[in-house]
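Rule-based calculations on the coordinates, nothing more; no lab input. Computed from a prediction, not measured in an experiment: that's the story for all the values here. So basically every Cβ, Gly included, is an ideal-geometry build from the backbone, and we count neighbours across all protein chains shown.
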Amino acid sequence: DVKVTQSSRYLVKRTGEKVFLECVQDMDHENMFWYRQDPGLGLRLIYFSYDVKMKEKGDIPEGYSVSREKKERFSLILESASTNQTSMYLCASSWRETIQPQHFGDGTRLSIL
Amino acid sequence: ILNVEQSPQSLHVQEGDSTNFTCSFPSSNFYALHWYRWETAKSPEALFVMTLNGDEKKKGRISATLNTKEGYSYLYIKGSQPEDSATYLCAHGGQGNLIFGKGTKLSVKP
């Protein structure tokens, strides 16, 4: 079974802090993704990466950056956390092909105070 | 339809009932249609990825159909069980541009 592990289930940070969310997958997947889930909205893509050191902006990249130095690890960085970034963050990975499903982590519920 | 829309938003059924819900998506530039099940406090789990018009897929008591020409997919659950209680998400697009619907929340009462 594919395992996608997110570093924290719950995280509380303060406005202005730099926040790192880590994600590791164990299936050698090429693609990795960061989404956020907010009440009343579908999952929205923040960034995705199709290879080491490669990244593409998703629908809502503002205020975020990402890092993929190794194939198995994809980090989401909130450069200066703001209260509107309080959300559930989900990491996912997949094989490159369109017809492959995405495999998700358990999510990180992030609160910015 | 520009976005992915799911209906109903929520559904309450009794154990043993069969149920179905709908995912509507743009019928132009079709790539793939994904279905996921998301149980509370767990990670979303892939059910199906469908690419061909008229495709039907089945996994146990759950099945799905796809109509790419008119832009909809149905998910069916036969003989619902309490463990089927979850939010069912559909998503349309390619790997880097999947657009998710808001989900259908299913509650199955024993």
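In this simple spin-label approximation, residue A:109 and residue A:9 carry label points 7 Å from Cα along the Cα→Cβ vector, and these lie 1.0 nm apart.
Only the Cβ atoms of Lys and Arg (+1) and of Asp and Glu (-1) were treated as charged; on that basis the dipole of chain B about its Cα centre amounts to roughly 80 debye.
Note on chain B: GNM, Cα springs under 10 Å; of B:57, B:42, B:78, the largest mean-square fluctuation is that of B:42.
Distances longer than 15 Å among the Cα atoms of segment B:14-69: what percent of all pairs is that? Before the final figure, lay out the partial values.
Details: 856 of 1540 pairs.
Roughly 56 percent, once rounded to a whole number.
Close lysine pairs were tallied over chain A: pairs 8 or more places apart or on different chains with Cα atoms under 13 Å apart number 4. Mean sequence separation of contacting Cα pairs (under 8 Å, at least six apart), scaled by the length of chain B, corresponds to a relative contact order of 37 percent. What FRET efficiency would be calculated for the residue pair residue B:70, residue B:10, taking the C-beta separation as r and a Förster radius of 30 Å, to the nearest 0.05? Taking R0 as 30 Å, the efficiency between residue B:70 and residue B:10 is 0.75. Note on chain A: Cα-Cα pairs beyond 26 Å make up 12% of the total pair count. Modelled spin labels at residue A:22 and residue A:99, positioned 7 Å past Cα toward Cβ, are 3.7 nm from each other.
Normalised radius of gyration (Cα atoms, divided by 2.2 N^0.38 Å) for segment B:6-110: 1.02.
Dipole magnitude for segment A:18-90: computed about the Cα centre from +1 point charges on Lys and Arg Cβ and -1 point charges on Asp and Glu Cβ, it is near 140 debye.
Across q = 0.09, 0.11, 0.12, 0.14 Å⁻¹, the protein assembly as shown modelled as identical point scatterers on its alpha-carbon atoms has Debye log10 I(q)/I(0) values of -0.36, -0.54, -0.64, -0.87, in the order of the q list. Between residue A:84 and residue B:22, the modelled label-to-label distance comes to 3.4 nm, taking each label 7 Å out from Cα in the direction of the beta carbon.
Annotation: average projected area of segment A:44-91 is 3.3 square nanometres, based on the convex hull of Cα atoms across all directions.
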